[in-house]
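Throughout, read-outs are computed from the coordinates displayed, never taken from laboratory work. Keep in mind that this is a model prediction, so the values were computed, not measured. Cβ coordinates were reconstructed from backbone atoms using ideal geometry, including for glycine residues, and neighbour counts include every protein chain displayed.
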Amino acid sequence: MKQGHQEDWLLDDRFLQAQKLVAIGELAAGVAHEINNPLAIIRQEAELILYLLKDRETLVREEILTLGDSLHHIILEVDRCTEITRNLLDFARKRDPVIQGLELNKLIEDMARLVEKEARLKNIAIIRRYDPELPMLFSDGPQLRQVILNLLMNARDAVGQDGAITVTTRGEGDGVVIVIEDTGCGIPSENLDKIFHPFFTTKPPAKGTGLGLSICHGIIQRLGGSITVASQAGQGSRFTIRLPFLSPIRSA
Ligand SMILES: Nc1ncnc2c1ncn2[C@@H]1O[C@H](COP(=O)(O)OP(=O)(O)O)[C@@H](O)[C@H]1O
Ligand SMILES: [Mg+2]
């Protein structure tokens with residue numbers, strides 16, 4: 001019996017390692033693709049600048065303006081690369097969870113307030129349905145904050161203008177359930193199984209890197225929980241997180 005369990009464990013472990021390799025391959029391909037686009041633009045603009053500077057003694061006003069435009073483009077693309085690498089570092093920095101006692105409702109409220117200022121300007125209401133009886137949660141505060149903020153910002157982006165984001169907490173069994181729902185654009189069924197993949201995004205380059213949900217998924221998994229989505233195009237989305245009251249202490 002004991003032997004059998006050990007083999008199961010080994011198989012699981014090998015399976016996980018293989019899955020990790022696939023994920024790393026996908027990630028590397030994604031990074032290469034994401035960085036290549038800005039690099040191609042930077043090169044093209046730099047060539048244009050060189051070309052214009054060939055006759056630098058006789059540059060006309062229009063050409064000087066074009067130079068300025070090109071440099072502006074280069075800066076934008078460099079910023080985009082910086083954003084990608086910053087997100088990637090977050091993604092790669094898979095530190096072991098640091099478990100501490102948390103008041104979950106307060107943690108969520110802090111994040112809701114961060115998003116609320118901008119949401120108000122766009123007439124997006126944030127509706128709170130916190131369970132006042134929720135016992136203390138033993139989990140990793142900073143990582144949970146990051147997850148909640150990512151989900152709230154996605155909800156805000158999905159609503160755009162005029163709508164609502166509803167945040168619910170409740171105890172269930174030996175854990176807690178957090179639901180973040182929005183009245184936004186929803187997710188077409190063909191995208192539902194892609195949204196947790198690194199670099200999957202439907203947003204324009206300046207708005208999204210497609211790393212948010214894959215980071216959330218990794219964090220929640222390491223905290224011993226699960227994150228799921230229910231959504232239909234045009235019908236809003238509902239993200240549900242389940243976490244045990246006590247997150248397991250294990251290495252990433
Ligand atoms: N609340 C939501 N409503 C509709 N679509 C969403 C929502 N959250 C995430 N998505 C979809 O999942 C994609 C991936 O999200 P994410 O990983 O956070 O990356 P990003 O926000 O940078 O695009 C988004 O581009 C969007 O298409
Ligand atoms: Mg996002």
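Just a few scattered comments:
- Using a cutoff of 8 angstrom between alpha carbon atoms and counting only pairs six or more residues apart, the relative contact order for the chain works out to 17 percent.
- Under 13 Å, Cβ to Cβ, from Arg145 - net charge with Lys/Arg +1 and Asp/Glu -1: -3
- About the centre of its Cα atoms, the stretch 100-244 shows a dipole size close to 340 debye [charges on the beta carbon of Lys, Arg (+1) and Asp, Glu (-1) only; nearest 20 debye].
- Annotation: peptides 144-152, 121-129, ranked by per-residue average of other Cβ atoms within 10 Å with the highest first, follow the order 144-152, 121-129.
- Per-residue extension of 0.36 nm, minus the Cα-Cα distance of Asp162 and Thr228, leaves a gain of 21.2 nm for this segment.
- Student exercise, the chain dipole from Lys, Arg, Asp, Glu Cβ charges, in Debye to nearest 20: 440 debye
- The stretch 193-252: translational diffusion in µm²/s, Stokes-Einstein, Kirkwood Rh over Cα pairs, 37 °C, 0.692 mPa s: 253 µm²/s
- Between the residues Ala164, Ala28, Tyr51, the greatest Cα displacement towards the positive end of the dipole of the chain, with unit charges on the Cβ of Lys, Arg, Asp and Glu, is found for Ala164.
- Neighbour net charge for Glu63 - beta-carbon separation under 15 angstrom, K R +1, D E -1: -3
- Peptides 215-223, 200-208 ordered by packing proxy, namely the average of other Cβ atoms within 10 Å per residue, highest first: 215-223, 200-208.
- Subtracting the Cα-Cα distance of Gln235 and Arg145 from their residue separation scaled by 0.36 nm leaves 29.8 nm.
- Nearest-ten-degree value, helix 61-92 long axis tilted from longest Cα axis of the chain: 20 degrees
- Counted by Cβ distance under 10 Å from Gly171, the other residues give a net charge of -3, where Lys and Arg count +1 and Asp and Glu count -1.
- Were the residues from Arg56 through Asn37 laid out at 0.36 nm apart, the gain over their Cα-Cα distance would be 3.9 nm.
- The GNM of the chain, with springs linking C-alpha atoms under 10 angstrom apart, assigns the highest mean-square fluctuation among Ser231, Ser139, Ser189 to Ser189.
- For the chain, the calculated P(r) over all alpha carbon pairs, in 10 Å bins from 0 to the bin holding the longest distance, is 6, 24, 28, 21, 11, 6, 2, 1, 0 percent.
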